[in-house]
Amino acid sequence: MSDLREPAPYDALLLLSFGGPEGPDDVVPFLANVTRGRGIPEERLKEVGKHYFLFGGVSPINAQNRALLDALRKDFAEHGLDLPVYWGNRNWAPYLTDTLREMAGDGHRRIAVLATSAYASYSGCRQYRENLAESLAVLEAEGLSVPRVDKLRHYFNHPGFVEPMVDGVLASLAGLPEDVRAGAHLAFTTHSIPTSAADVSGPPEAHDGDGGAYVAEHLDVARVIVEAVRERTGVEYPWQLVYQSRSGAPHIPWLEPDICDHLELLHSDGVPAVVMAPIGFVSDHMEVLYDLDTEATAKAAELGLPVRRSATVGADPRFAAAVRDLVLERAAAEQGRDVERCALGALGASHDLCPAGCCPARVPRPAAAGADSPYA
């Protein structure tokens, strides 16, 4: 971690997240926000929202973000980093535009942005940048002084993000019955996306037609975790990257295999136990609670296959420290100083500034915090 304490030119940090409903009456309006422009009828939204209704209409993501806000503020205060932290969401209160308006009103002119998505993809990076551009355009239309926003780099391989996941896998392995533990397999899960989107994820040089940066980054993290587990247990557990939370038209190819299909295959192959490790998710939001803790766990029970689900990073103090490190390393780079960038695995630290053509949208839209930003 960096020993620097000077965050200039940044005068605030924005935690930017997806958002989620906080009661039954919020579910359909929230989903209407998420699917805006697609013409999906209310009855269909109610069907889509059944996962939320199983949990009282409350997504855990907002509570997770509040916990992360507390952890960030605590870490910053303990390490002498004088940087206020705000929170804004894409799809639910507190809305991004409202938060940026508040930040501009408070006099903030240069804002570092942490998105609660660690990997490169359209939905995990560029769409957040598009939302930032949309919100800044609203502020501009209102005659407000528009702050500059800089999105912090992808942190999928930062030690403060990876090490809590290693501990989570180790704890899950320890929680398996002793007679099946040694033969367990690790299933590293992440959100499935259309293969067409995966293939063009990351900068243009990563558009290899084989899952792009999105798949490569997840595979690299999985290898790091497997090696760390081997070093601590003496066992190199078999593993695979699998996917969950698929949506959309069935004729469109998405990344596979699905976690439930994978559990069936492992069971048929005689695998005695599985640890599901949701490395693609920062916190235990609805897709983790339903797709893994409910649906996949039910499938495992049906098969008679012992499973454990490892913890996401959430508000782990090591992740809060990693965010501090990311802010200070970016500040040092903006100051023209040399800085060592923390990264595990083979891929190295990600870029600070998304280049043109990075994670392109099907329909081009302005995106802030990149080389093609209209808000320099």
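The values are calculated or read from the model by the stated rules, or taken from the named source; none is laboratory data. Please read all numbers here as calculations on a predicted model, not as lab measurements. All Cβ positions, glycine included, derive from the backbone under ideal geometry; neighbour counts span all protein chains shown. The area values use the complete protein model at the heavy-atom level, side chains included, leaving out ligands, DNA and RNA. Shrake-Rupley method; radii C 1.70, N 1.55, O 1.52, S 1.80 Å.
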Residue 324 passes all but one of the listed conditions (1) in a loop (DSSP other than H, G, I, E, B); (2) open to solvent by less than 40 Å² (accessible area, probe 1.4 Å); (3) at negative phi; the exception is number (1)
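Going by what's in this entry, would residue 120 be described as buried (at least 21 other Cβ atoms within 10 Å of the Cβ) and more than 27 Å from residue 143 (Cα to Cα)?
When the stated conditions are applied, residue 120 passes them.
Hey, any hits in the stretch 226-243 for a residue that's at pLDDT below 95, within 16 Å of residue 123 (Cβ to Cβ) and surrounded by 13 or more Cβ atoms within 10 Å (Cβ to Cβ)?
No, the conditions are met nowhere in the stretch 226-243.
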Limited to the stretch 251-296, what total is found for residues that are part of a loop (DSSP other than H, G, I, E, B), closer than 23 Å to residue 54 by Cβ and among the hydrophobic types (A, V, I, L, M, F, W, C)? 2
What are the residues in the stretch 327-346 that are aliphatic (A, V, I, L, M) and either under 21 Å from residue 6 (Cβ atoms) or crowded, with 19+ Cβ neighbours inside 10 Å (or both), if any? 327, 328, 331, 332, 333, 339, 343, 344
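Do the conditions hold for residue 26, that is, is it among the charged types (D, E, K, R), in contact (Cβ under 8 Å) with a residue 24 or more places away in the chain and closer than 19 Å to residue 287 by Cβ? Step through it out loud before you land on a result.
Working: among the charged types (D, E, K, R): yes; in contact (Cβ under 8 Å) with a residue 24 or more places away in the chain: yes; closer than 19 Å to residue 287 by Cβ: yes.
Considered against the rule, which asks whether it is among the charged types (D, E, K, R), in contact (Cβ under 8 Å) with a residue 24 or more places away in the chain and closer than 19 Å to residue 287 by Cβ, residue 26 comes out as yes.
Considering each of 30, 18, 53 in turn, give the residue that is open to solvent by 60 Å² or more (accessible area, probe 1.4 Å) and within 21 Å of residue 116 (Cα to Cα).
Going through 30, 18, 53 in turn, just one is open to solvent by 60 Å² or more (accessible area, probe 1.4 Å) and within 21 Å of residue 116 (Cα to Cα): 18.
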Here are some residues: 104, 137, 141, 112. Which one is free of Cβ contacts under 8 Å to residues at least 24 places away in the same chain and among the small types (Gly, Ala, Ser)? 141
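In the stretch 123-149, what count of residues is obtained for those that are more than 20 Å from residue 18 (Cβ to Cβ) and open to solvent by less than 10 Å² (accessible area, probe 1.4 Å)? Outline the logic, then answer.
Going residue by residue through the stretch 123-149, those that are more than 20 Å from residue 18 (Cβ to Cβ) are 137, 139-148.
If we keep only those that are open to solvent by less than 10 Å² (accessible area, probe 1.4 Å) as well, we get 139, 147.
Total meeting the criteria: 2.
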